[in-house]
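The structure appears below as structure tokens.
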Amino acid sequence: MVLAAGLGTRMRPLTNDRPKALVEVGGRALIDHVLDRLAQAGVQNAVVNVHWFADRLEAHLADRETPRIKISDERAELLETGGGLKKARPLLGDDPVFVANIDSVWIDRGDALAELARLWDPSRMDAALLLARREGSIGFEGDGDFFRAEDGRLTFRGDAPSAPFAYMGVHITRPGYADAGPDGPFSLSPLWRRSAAEGRLFGCVLDGDWMHVGDPQARKKAEARLGSEA
């Protein structure tokens, strides 16, 4: 599932006439960067939620063949990450799902999504998150999100001044993970905190360079980094 329904307020003015998912970085729309990664990982079907400039995003996705696209329509109400996953549940099937934001672009020196899939073990985990090292990331200015144990188990930063790893916008979970959440909009974060407290939140670390494309300045930095790879 690709979470593409947000308003993209931090990306304005680039999102004054388009959804954030259609902002281009390195000549390619953000959502296509994500869908290309998922296709390379073997994903054949993807659900994309839509809200802001939904018609334009649907038109962009109409010709996409790999992965095949289904739309989860949030025109009536923007449901955030948890509510979006819950609404899309009938479209997702029963197999584990990648859930991906559209504001992450990365240069992969390994095979991050394959490594995340290898880590995933539903008997021990509620979710497995792809992480980036905070130091050296482009466009991320926070203090980090997680500490990671040797077995991959995650704990939140909590009251610590900083943590070494940031969530970089992709995770694997059960398609019904958010089903018990409330009606309407809600975030996945409280569910993750509960899972972490139960020792059921895990993660692996990207071997590569992560670009969090959250605003126009971060977009410029990402384009410069991608251009240096060309």
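The values are calculated or read from the model by the stated rules, or taken from the named source; none is laboratory data. Quantities reported herein were computed from a predicted structural model and do not represent experimental measurements. No Cβ is skipped: glycine too gets one built from the backbone with ideal geometry, and neighbour counts run over all protein chains shown.
Of all residues in segment 91-130 being of a type in the set (Lys, Arg) and in contact with a Gly (Cβ under 9 Å, 6 or more places away or on another chain), which is nearest to LEU7 (Cα to Cα)?
Residue satisfying both the conditions and the ranking: ARG109.
Considering only segment 97-118, how many residues are surrounded by 18 or more Cβ atoms within 10 Å (Cβ to Cβ) and either under 23 Å from GLY82 (Cα atoms) or in contact with a Cys (Cβ under 9 Å, 6 or more places away or on another chain) (or both)?
12
State whether the residues of segment 185-208 include one that is under 23 Å from GLU141 (Cα atoms), of a type in the set (Asp, Glu) and either assigned to a loop (DSSP other than H, G, I, E, B) or touching an Asp or Glu at 6+ places or on another chain (Cβ under 9 Å) (or both).
Yes, there is a match, as at least one residue in segment 185-208 is under 23 Å from GLU141 (Cα atoms), of a type in the set (Asp, Glu) and either assigned to a loop (DSSP other than H, G, I, E, B) or touching an Asp or Glu at 6+ places or on another chain (Cβ under 9 Å) (or both).
Could you tell me which of the residues ALA59, ALA160 is among the hydrophobic types (A, V, I, L, M, F, W, C) and either surrounded by 15 or more Cβ atoms within 10 Å (Cβ to Cβ) or assigned to a loop (DSSP other than H, G, I, E, B) (or both)?
After ruling out the rest, the residue left standing is ALA160.
Conditions tested, residue by residue: (1) modelled with pLDDT of 95 or more; (2) surrounded by 19 or more Cβ atoms within 10 Å (Cβ to Cβ); (3) more than 28 Å from PRO13 (Cβ to Cβ); (4) hydroxyl-bearing (Ser, Thr, Tyr).
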site	(1), (2), (3), (4)
ALA128	yes, yes, yes, no
PHE140	no, yes, no, no
ALA149	yes, no, yes, no
THR173	yes, yes, yes, yes
ASP215	no, no, no, no
ALA218	no, yes, no, no
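Going residue by residue through segment 62-79, is there one that turns out to be part of a helix (DSSP H, G or I), modelled with pLDDT under 95 and touching a helix residue (DSSP H, G or I) at 6+ places or on another chain (Cβ under 8 Å)?
no
State all residues of segment 103-124 that are in contact with a helix residue (DSSP H, G or I) (Cβ under 8 Å, 6 or more places away or on another chain), part of a loop (DSSP other than H, G, I, E, B) and at pLDDT 95 or above; if no residue qualifies, say none.
Correct list: empty.
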